[in-house]
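The structure appears below as structure tokens.
The values are calculated or read from the model by the stated rules, or taken from the named source; none is laboratory data. Computed from a prediction, not measured in an experiment: that's the story for all the values here. As a convention, Cβ positions derive from the backbone with ideal geometry for all residues, glycine included, and neighbour counts pool all protein chains shown. The accessibility values were calculated without ligands, DNA or RNA, using every heavy atom of the protein model including side chains. Shrake-Rupley method; radii C 1.70, N 1.55, O 1.52, S 1.80 Å.
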Amino acid sequence: MLHRVSIKTRSRVEFQNITRAVQEVVDSSRVENGVCYVFVPHTTAAVTLNEQADPSVVEDIAEKLDALVPQHGGYHHSEGNSPAHIKASLFGSSVMVPVDGGRLVLGTWQGIFFCEFDGPRSRSVLVKILPDSR
Ligand code: ZN
């Protein structure tokens with residue numbers, strides 16, 4: 001079954017921690033062991049795993065990403081949001097996290113982040129839980 005998690009972003013660039021929302025999908029699936037697939041169906045947003053213990057880590061990522069892909073830089077795409085498309089491709093549109101004993105298996109410092117690059121907007125994240133075969 002495919003679950004849709006709705007997200008509202010508040011800034012042009014924003015890393016929103018969605019770990020709890022994804023764990024809630026795992027809980028509702030009642031799958032004990034398997035894999036959790038998280039997919040972002042957008043061309044100017046992405047999903048990534050990184051440190052959630054210190055919020056300044058994603059702040060640093062967002063700042064340095066802006067330096068790497070400047071907001072104004074002679075882009076071809078007429079919509080004017082090429083930097084967001086480029087950033088989305090750098091991060092990718094999906095992550096997979098193992099599920100063990102009904103819990104997402106993440107490293108001590110890891111969290112799942114929805115990456116907004118062209119906000120603020122209403123967004124969706126699709127989550128699919130794939131149980132182990134018996
Ligand atoms: Zn565009």
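Within the same chain, lysines fewer than 8 places from K87 are excluded, and of the rest, those with a Cα less than 18 Å from its Cα are K64. Stretched out straight at 0.36 nm per residue, the stretch from S133 to N17 would grow longer than its current Cα-Cα span by 38.8 nm. Highest mean packing first, where packing is the average number of other Cβ atoms within 10 Å per residue, the peptides 15-24, 101-110 line up as 15-24, 101-110. Compared with the dominant Cα axis of the chain, that is its longest principal axis, helix 56-68 is turned about 40°. Across the chain, C-alpha contacts under 8 Å between residues 6 or more apart give a mean separation that, scaled by the residue count, equals a relative contact order of 54 percent. Listed peptides 85-94, 61-70, 35-44 appear in the order 35-44, 85-94, 61-70 once ranked by packing, highest mean of other Cβ atoms within 10 Å at the front.
Only protein atoms count toward the accessible area here, which uses a 1.4 Å probe; on the chain, the carbon and sulfur part of that area reaches 51 percent. Couplings 3J(HN,Hα) for the stretch 120-134, derived from phi with the Karplus relation 6.51 cos²θ - 1.76 cosθ + 1.60 (θ = phi - 60°), are x, 8, 8, 10, 10, 10, 9, 10, 10, 9, 9, x, 4, 7, 8 Hz, where x marks Gly and Pro. Against the main long axis of the alpha-carbon atoms of the chain, helix 82-91 sits at an angle near 30°. Axis of helix 19-29 versus longest Cα principal axis of the chain: the two differ by about 40°, to the nearest ten degrees. Counting only Cβ charges, +1 for Lys and Arg and -1 for Asp and Glu, the dipole size of the stretch 2-131 around its Cα centre is about 440 debye.
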